[in-house]
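The values are calculated or read from the model by the stated rules, or taken from the named source; none is laboratory data. If you're wondering where the values come from, they're calculated on a predicted model, not measured in any experiment. When we count neighbours, we look across all protein chains shown, and the Cβ atoms used for this are built from the backbone with ideal geometry, even at glycine.
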Amino acid sequence: MRQVRVRQAREGDVKAIAVVHVRSWQAAYRGMVPRDYLDGLDPAQREALWNTVLAESAWPRAGILVLEDQATVAGFAAFCPTRDQDEEPAQVAEITAIYLMPQVWGIGAGRQLMTGALEVLAAAGYRQATLWVLDSNRRARRFYHAGGWRADGTVKTDDTRGFPLIEMRYRRLLP
């Protein structure tokens, strides 16, 4: 197995995080999201988002972890107090993003990144974590299920991109 490591994101990681975000979407969501949307994604357009998320981080309650593969950012996980109105932000964290470059899929890197994120959240005092996943993303749903996550029955439709994406909320207790 390749040597990967998880660490807190730094300002210099933003460009790489944006690349991972776009390349992961383009590979993982093919057939679930309109092709023209995926083909039009540009990492440079995502940099501002990730600069803001990193600047507004309140470690360890909110932040970004990166996964390095041979000293290159190959994945990231972002988290914060829950944004859901039906949850208690002091007790429930939300994994807002977890993405990996396709070349590290299937080597245990995602599990390592998720474990790191859950450990940070538990140490920060959260009791549970939630995340949202496309209902059509069977690969991701299998990954979450294998990691102890369970759908809690809450579903929403995100149409902010001009087309509907149906998402399911998953949750788990923290270690």
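Which of (1) modelled with pLDDT of 95 or more; (2) within 25 Å of residue 71 (Cβ to Cβ); (3) touching a helix residue (DSSP H, G or I) at 6+ places or on another chain (Cβ under 6 Å); (4) surrounded by 17 or more Cβ atoms within 10 Å (Cβ to Cβ) does residue 4 not meet, given it meets every other one?
Status for residue 4: all satisfied but (1).
Just wondering, is there one or more residues in region 112-121 that are surrounded by 12 or more Cβ atoms within 10 Å (Cβ to Cβ), among the β-branched types (Val, Ile, Thr), part of a helix (DSSP H, G or I) and at pLDDT 95 or above?
Yes: one or more hits.
Taking into account only those residues within region 43-75 that are hydrophobic (A, V, I, L, M, F, W, C) and over 15 Å from the mean Cα position of the chain (by Cα), which is nearest to residue 10 (Cα to Cα)?
Looking at residues that are hydrophobic (A, V, I, L, M, F, W, C) and over 15 Å from the mean Cα position of the chain (by Cα), I get 55.
Yes/no matrix, rows are residues, columns are (1) touching a residue at least 60 places away in the same chain (Cβ under 8 Å); (2) surrounded by 17 or more Cβ atoms within 10 Å (Cβ to Cβ); (3) among the aliphatic types (A, V, I, L, M):
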position	(1), (2), (3)
28	yes, yes, yes
35	no, no, no
55	no, no, yes
70	yes, no, no
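Taking region 11-26 as the search range and keeping residues that are more than 15 Å from the chain's Cα centre (by Cα) and touching a residue at least 24 places away in the same chain (Cβ under 8 Å), which one is surrounded by the fewest Cβ atoms within 10 Å (Cβ to Cβ)?
Only one residue tops the list, namely 11.
When both residues are 6+ apart or on different chains and their Cβ atoms are under 6 Å apart, which pairs have a first residue that lies in region 156-169 and is touching a residue at least 24 places away in the same chain (Cβ under 8 Å) and surrounded by 10 or more Cβ atoms within 10 Å (Cβ to Cβ), and a second that is in a loop (DSSP other than H, G, I, E, B) and not basic (Lys, Arg)?
As it stands, the answer is 163/34; 166/135; 168/135, since those pairs meet every condition given.
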